[in-house]
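The values are calculated or read from the model by the stated rules, or taken from the named source; none is laboratory data. In this text the structure is predicted, and so the values were computed from the model without any measurement. Every residue, glycine among them, receives a Cβ derived from its backbone with ideal geometry; neighbour counts consider all protein chains shown. Quick note on the areas: whole protein, heavy atoms, side chains included, nothing else; ligands and nucleic acids left out. Shrake-Rupley method; radii C 1.70, N 1.55, O 1.52, S 1.80 Å.
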Amino acid sequence: MKHLNRIVCFLLIAAIMLCSCGSEAKRTTQPYGEGAPSLYKAFEGKFRVGAAINSWDLDDPTSWNYQTIVQQYNTLVLENESKPDAIHPSEDQYYFDKFDKFVDFCEEHNITPRGHTLIWHSQVPGWFFKDGNQDASAELVLERIKEHVTTIVSRYKGRVKSWDVVNEVIGDGEQLRFSDWSRLVGDADGDGDKYDFIEAAFIAAHEADPDARLMINDYSLESSTDKAIRMYNAVKKMLEDGVPIDGVGFQMHIGNGIDYDAMKENYEIIARLRDINPDLMIEVTELDVNCYGWGEEKKDVEVTKEFLEQFSKTYTDVFKLMLELSDEGILDSVVMWGYYDGASWLNDGHQNYPMLIDKDHNLKDAYWDVLELAD
Ligand code: G3I
């Protein structure tokens, strides 16, 4: 009897060890290759999962980067190469080669391409705002917006499904960000608001591709209720004026740790725009988790057990809410701003830890915790 007990005990321990080894092995799997998991496949039927990449990631089909991108994501966006300074550096010059290559790649792999971004105050060439040595008039800037947006959107008509038509136009303290766009165009139509440059961009984009989803994209909407309200008020006014806005992009550059209830409330503020446009959609457009607070002194991040738990919780909190919003039919795309730590814009001389895949190409525990939510 004593022996039997020992044997049963031994078998039990062996079975437990085998199981835990199995799940450990599963958790250390590389992002592509035989038996590799896939983020986008896990969330299929809920929302697309995507990443920002650069066109050079697509150069070598045998590379880790290329294979990982194809295995993990079914929507993609260019990190910099489809911005105004890259595509339209001077008035009579357009450079489409990188964007063309990107869109071709997406089509070849059944990936939904996003367009980022048509109008932004940053990475925009100065010629838009000049007429010789003088400031350009409102009419001239509006004419240039129309030409710029029409040329780009019509080139990719039916192919680029979702555009960040304008980026970061809402103010951090005031209703509208002060920029060369708002300064020069102002209230050109005299209706009492200064959304005119935004309206011109949306109208031109809609005329160029009526089926594309046209988004207004911004940061801090998940964390600042004031900013979410400013976004709500701007979009409400423009929708009521007949401006074809199809969606609001939440960039989601967040820190390690997020107030779930506040985030949910802020999404709900934007979701109320459906009272005006019942088809309005929300997308997450630039998700990443910064290990350093704004303005905080940076030392290379210490990846402690507590840090990792918090990191995992931050990502799972976000994906939990995205699943809820997808069930409500208001969200169908979650895009991360990068596809592994080694390629993130947040590595500004200090190692950061923002993505679900680490700098050495391994899937993090947070990756698996997010994946488990999809079950
Ligand atoms: O291409 C030049 C290169 O020729 C030059 O030698 C080098 C020297 O600094 O700079 C290179 O340009 C850099 C560019 O990225 C391309 O790598 C710029 O300095 C750098 O400022 C630029 O940063 C980009 C940033 O937007 C610009 O504001 C980041 O990569 C990009 O991730 C970031 O993306 C933005 C989104 O578009 C909007 N939301 C916020 C997000 C993060 O800031």
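About its Cα centre, what dipole magnitude does the chain give when the only charges are +1 on Lys and Arg Cβ and -1 on Asp and Glu Cβ, stated in debye to the nearest 20?
Numbers: 36 positive and 69 negative charges, 285 e Å.
That gives a dipole near 1360 debye.
What nm distance separates the two modelled labels at residue 44 and residue 187, each placed 7 Å from Cα along Cα→Cβ?
5.3 nm
Tell me, what % of the accessible area of the chain is carbon and sulfur with a 1.4 angstrom probe?
Numbers: 8560 of 16870 Å².
Carbon with sulfur: 51 percent of the solvent-accessible area.
So what's the Cα pair-distance distribution over region 114-201, bin width 5 Å, in %?
Binned Cα distances yield the sequence 3, 13, 24, 25, 18, 11, 4, 1.
So what is the accessible area of the chain per residue, in Å², with the probe set to 1.4 Å? Let's see the in-between values first.
Details: 16870 Å² over 375 residues.
I get 45 Å² per residue for the chain.
Taking R0 as 25 Å, what FRET efficiency do you get between residue 305 and residue 347 from their Cβ-Cβ distance, rounded to the nearest 0.05?
Values: r = 23 Å, r/R0 = 0.92.
Calculated value: 0.65.
Calculate how large, on average over all directions, the projected area of the Cα convex hull of region 145-191 is; give the answer in nm² to one decimal.
Values: hull surface 17.8 nm².
Answer in nm², one decimal: 4.5.
Taking only the C-alpha atoms, wrap a convex hull around region 203-354 and report its volume per residue in Å³ as a whole number.
Working: hull volume 19.3 nm³, N = 152.
Each residue corresponds to 127 Å³ of Cα convex hull volume.
Could you give me the percent of Cα pairs per 10 Å distance bin for region 273-328, shortest bin first, beginning at zero and ending with the bin that holds the maximum distance?
Here the calculated profile for region 273-328 is 17, 36, 26, 15, 6.
In deg cm²/dmol and to the nearest 500, what is the mean residue ellipticity at 222 nm of the chain if only DSSP H runs of at least 4 residues count, each as -39500 (n - 2.57), divided by the residue total?
Details: 12 runs with 152 residues, N = 375.
Helix contribution divided over all residues of the chain: -13000 deg cm²/dmol.
What nm distance separates the two modelled labels at residue 328 and residue 298, each placed 7 Å from Cα along Cα→Cβ?
Roughly 3.4 nm, to one decimal.
Which values, in whole Å and largest first, are the semi-axes of the equivalent ellipsoid of region 309-375 obtained as the square root of 5 times each eigenvalue of the Cα gyration tensor? Each step should come with its number before you reach the end.
Numbers: eigenvalues 114, 36, 19 Å².
For region 309-375, the semi-axes come out at 24, 13, 10 Å.
Give the distance, in whole Å, between the Cα centre of region 132-203 and the Cα centre of region 71-131.
If we compute the Cα centre of each part, the gap is 17 Å.
Determine the sum of side-chain charges near residue 259: Lys and Arg each +1, Asp and Glu each -1, restricted to other residues whose C-beta is under 11 angstrom from that of residue 259.
Working: positive: 264; negative: 222, 261, 265, 317.
Residues close to residue 259 contribute a combined charge of -3.
Starting from the coordinates of the alpha-carbon atoms of region 170-274, obtain the Kirkwood hydrodynamic radius over all distinct pairs and give the value in Å to one decimal. Spell out each step's value before the answer.
Values: mean 1/r = 0.0686 Å⁻¹.
Taking every pair of different Cα atoms in region 170-274, averaging 1/r and inverting gives 14.6 Å.
Placing unit charges on C-beta atoms (Lys and Arg positive, Asp and Glu negative, everything else neutral), compute the dipole magnitude of region 277-339 about its Cα centre in debye, rounded to 20. Numbers along the way, then the final one.
Working: 5 positive and 15 negative charges, 49 e Å.
Dipole magnitude for region 277-339 comes out near 240 debye.
If I ignore ligands, DNA and RNA and count only protein heavy atoms, how much of residue 229 is accessible to a 1.4 Å probe, in Å² to the nearest 10?
70 Å²
If exposed means no more than 15 neighbouring beta carbons inside 10 Å and the site is in a DSSP loop, what's the longest run of the chain without any exposed GluC sites (Glu not before Pro)?
With GluC sites (Glu not before Pro) excluded where exposed in loops, the chain gives 175-295 as its longest stretch.
Would you kindly derive the ³J(HN,Hα) couplings of region 186-195 from the backbone phi angles with the Karplus curve 6.51 cos²θ - 1.76 cosθ + 1.60 (θ = phi - 60°), listing them in order in whole Hz, with x for Gly and Pro?
Ordered by residue, 3J(HN,Hα) equals x, 8, 5, 8, x, 9, x, 10, 10, 7 Hz.
Counting pairs of alpha carbon atoms under 8 Å apart in space and at least six apart in sequence, what relative contact order in percent does region 202-257 give? Write out the running numbers ahead of the final one.
Details: 54 pairs, mean separation 26.9, N = 56.
Relative CO of region 202-257 lands at 48 percent.
Would you mind computing, in nm to one decimal, how far apart the modelled labels at residue 127 and residue 274 are, each placed 7 Å from Cα along Cα→Cβ?
In this crude label model, residue 127 to residue 274 measures out at 4.4 nm.
Report the normalised scattering of region 38-85 as log10 I(q)/I(0) at q = 0.13, 0.15, 0.21 Å⁻¹, calculated by the Debye formula with identical scatterers on the alpha carbons.
Those come out to -0.33, -0.43, -0.74, one per q.
Using only the alpha-carbon atoms, how far is helix 305-327 inclined from the longest principal axis of the chain? Give it as 0 to 90 degrees, nearest 10.
Once rounded, the angle reads 60 degrees.
Just need the relative contact order of the chain here, percent rounded to a whole number, with Cα pairs under 8 Å and 6+ apart. Don't skip to the answer; put the middle values down first.
Details: 647 pairs, mean separation 60.9, N = 375.
This gives 16 percent for the chain.
Check which residues have an amide H placed less than 5 Å from residue 177's amide H, if you skip close sequence neighbours.
Result for residue 177 returns 170, 171.
In a Gaussian network model over the chain where Cα atoms closer than 10 Å are linked, find which of 300, 358, 164 has the largest mean-square fluctuation.
Fluctuation is largest for 300.
Report the normalised scattering of the chain as log10 I(q)/I(0) at q = 0.07, 0.10 Å⁻¹, calculated by the Debye formula with identical scatterers on the alpha carbons.
Per q value, in the given order, log10 I(q)/I(0) is -0.34, -0.66.
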